[in-house]
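Novice: This is the structure, below, for whatever I ask next.
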Amino acid sequence: MSLENFKRRTSQLQLPKSVYEKYAEVVRECEACTRHDRAPERSRVTGMRATTPGDLVFVDHVDLGIDSKTYTVLVVIDAASDIIWAGGQDNKGHELTRETMLKCFDEWALCPKALCGDSFFMEPLFKEWYAYKGIKPIELGPHTPWPNRAEAAVKLFKHHAQILITSVREQSEIEPTLGKIG
């Protein structure tokens, strides 16, 4: 927990300043806290709004490197509810990406009215598919990732996936030792 959150949660206790200084020192020296420290939060406002789920979705791919293998994940975020959905893929192929998007839309039980993504998602094969599905594509100009809220979702997903991967690795190192104790 950050020092600011700790101060908010303990404000009614009227703790002395020395307690907050000691807490700040512990957080600074904590290996887990420094390893998983979040980046500063960026603005979530893109100018594109939605009030009903499915009105607007944002899409992007993220590559996760684990040891020597790279895994591709499609990240979809609904603009109205901020629900993040992630689906693994073997590669970034167009057909596989469309299948993964359909899986998301089926799980959400909706077909989006508009979709915003980078240039990969605006290639002719995708545009034909969007027209068939009745989805309005929202194109971004070159080198303009900031309107695509999926970029923020990708960072968030990647951050939490790395925490999970690290925890699994640490657990697998501890587990053989636990078997010897029992």
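The values are calculated or read from the model by the stated rules, or taken from the named source; none is laboratory data. Computed from a predicted model, the values in this text were never measured in an experiment. No Cβ is skipped: glycine too gets one built from the backbone with ideal geometry, and neighbour counts run over all protein chains shown. To get the accessible areas, we keep the full protein, side chains included, count just its heavy atoms, and leave off ligands, DNA and RNA. Shrake-Rupley method; radii C 1.70, N 1.55, O 1.52, S 1.80 Å.
Novice: Find the residue count for the range 71-114, including only residues that are among the aromatic types (F, W, Y) and in contact with a strand residue (DSSP E or B) (Cβ under 6 Å, 6 or more places away or on another chain).
Specialist: 2
Novice: Continuing with this model, one more query. Suppose the filter is modelled with pLDDT of 75 or more and assigned to a helix (DSSP H, G or I); does I138 pass it?
Specialist: no
Novice: Of all the strands (runs of 3 or more DSSP E) wholly in the range 1-115, which have at least 2 residues that are at pLDDT below 85, among the aromatic types (F, W, Y) and open to solvent by 50 Å² or more (accessible area, probe 1.4 Å)? Even if it seems obvious, please write down each step before you answer.
Specialist: Values: elements: 56-66, 69-78, 84-89.
Where strands (runs of 3 or more DSSP E) fall fully within the range 1-115, none carries at least 2 residues being at pLDDT below 85, among the aromatic types (F, W, Y) and open to solvent by 50 Å² or more (accessible area, probe 1.4 Å).
Novice: Go over the candidates E175, E151 one by one and state the one that is at pLDDT below 85, assigned to a helix (DSSP H, G or I) and more than 22 Å from the chain's Cα centre (by Cα).
Specialist: Selected residue: E175, the only one of E175, E151 that is at pLDDT below 85, assigned to a helix (DSSP H, G or I) and more than 22 Å from the chain's Cα centre (by Cα).
Novice: Then there's this: Working only within the range 120-135, note down all residues that are exposed (fewer than 13 other Cβ atoms within 10 Å of the Cβ) and under 19 Å from D78 (Cα atoms).
Specialist: Here is the first cut: in the range 120-135, the ones exposed (fewer than 13 other Cβ atoms within 10 Å of the Cβ) are 123-125, 128, 131-132, 134.
The answer is G134, and nothing else.
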